[in-house]
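Below is one structure; the comments refer to it alone.
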Amino acid sequence: MAALETGERLPRRSDQGAATATSFQRRGGGGGGRLASLPGTRPSARHGQLLLSSGLPSLDAKLGGGMAVGTLLLIEEDVYGVYANLFFKHFLAEGVICGHNLFVASDKEDPADILKDLPSPLLNTTVNVMEEEAAKAVTSKQESQESMRIAWRYQNIPKLEVTQTAFSKFGHYFDLSRTMAPELIQNITWNGFSPFEETSFCPDEKSCEMPCGYTRLLRSIQKVIYQQGYDGSVPQKKERNILRIGIQSLGSVLWGDDICCTENPQSINRLTKFLYALRGLLRTSLSACMITVPAHLIQNKAIMERVANLSDTVVGLESFIGSERETNPLYKDYHGLIHIHQIPRLNSLICDVSGMKDLAFRLKRKLFVIERLHLPPDLSDTVSRTSKQDLAEPTKLLSSGCRAMAIGKEHLDF
């Protein structure tokens, strides 16, 4: 108040901060960006964790930007395992393009043969051609819809971008009609595992809590993480890299487990103990894991619930092959449905599950894409009568349930 009366200038906060030294100093050289410099990764804007691509950019968009390093992605296989195999190969192919090291374990094929069949990345020339074709398709569709009159309340809704860019800096698109060049695979370090190899090293299964296949697989992963410098708790002198772990058809009979054979297996906790130990290795290392499980063959659903609880992300695949939906005109543009059952809660109490319902996948001429399921708004004359009856059955059930609630009355009283 005295300064206001005498006309003196009040000191500003900037002047006070300049006069007194602060204890908060900015680090030089970008101190906290060491993990973000790893190839093929980026920090998440939501929870601050380091992310890597699953090999399918459309799936990354549904999972919040990608897979977090140190997490486990569980894929529930479709009945014939066709599309789960595509997920598995895209995950490994993305690691090859980003320069990540691989650990491949499979009970069906030799890991070397799996790497030979990886899809080839799309080139820039292919990208330009596909973008031009997509742009022409969009313009022709807009011209055909100019004469269509819609309700006034839908005119101001912004148009959604349905076309996809075939190449991006984080996450790549792959050509399923071509295989990857052998020179790209030779530039990375990879390790393979098969349950039929190294059978001499097998402890007594009676004294071991896990089958011989699970035990050898866990020790092989642990050996690679500790000896090749992926352990995050130990400082490393050499340049760090990401380890991608891919395990195919875990829990099948070929792994030495009987959960797919009977409802009451000998040891119900074999698979869950393996996942519990594997998850501990992932949390303390620069690695990410994708596991495919034949969930439709596991008869005891309690085991599958425990497996899902020990996973960070759970994605289920439902193929239309051999089902009634394969010939249904309503699903003619798609090859199956995808169900995202669980996503990780990282640095938060809840997770954003919006936009994760009504998802479908389809296999184009070269691309494997995940899209939102769009059904026609009205049943035309081209739709078969059986599909109309299928859609009318839930309505009949709902109406019969409502009538049952009304005690002997034909009409409901509101």
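The values are calculated or read from the model by the stated rules, or taken from the named source; none is laboratory data. Keep in mind the model is a prediction, meaning the values are calculated, not measured. Virtual Cβ from ideal backbone geometry, glycine too; neighbours counted across all protein chains shown. In case anyone asks, the SASA skips ligands and DNA or RNA and just uses the protein heavy atoms, side chains included. Shrake-Rupley method; radii C 1.70, N 1.55, O 1.52, S 1.80 Å.
Brief remarks follow.
- Relative contact order of the stretch 239-320, defined on C-alpha pairs under 8 angstrom at six or more residues apart (%): 39
- Residue-normalised accessible area of the stretch 289-365, given per residue in Å² at a 1.4 Å probe: 53
- Across 116/237; 108/366; 89/364, pairs whose alpha-carbon gap is larger than 21 Å: 116/237; 108/366
- Summed over the residues of the stretch 243-288 and divided among them, the accessible surface reaches 36 Å² per residue at a probe radius of 1.4 Å.
- Sorted peptide list for 183-195, 237-249, criterion being average Cβ within 10 angstrom, highest first: 237-249, 183-195
- Each label point was placed 7 Å from the Cα along the Cα-to-Cβ direction; for residue 186 and residue 273 their separation is 4.4 nm.
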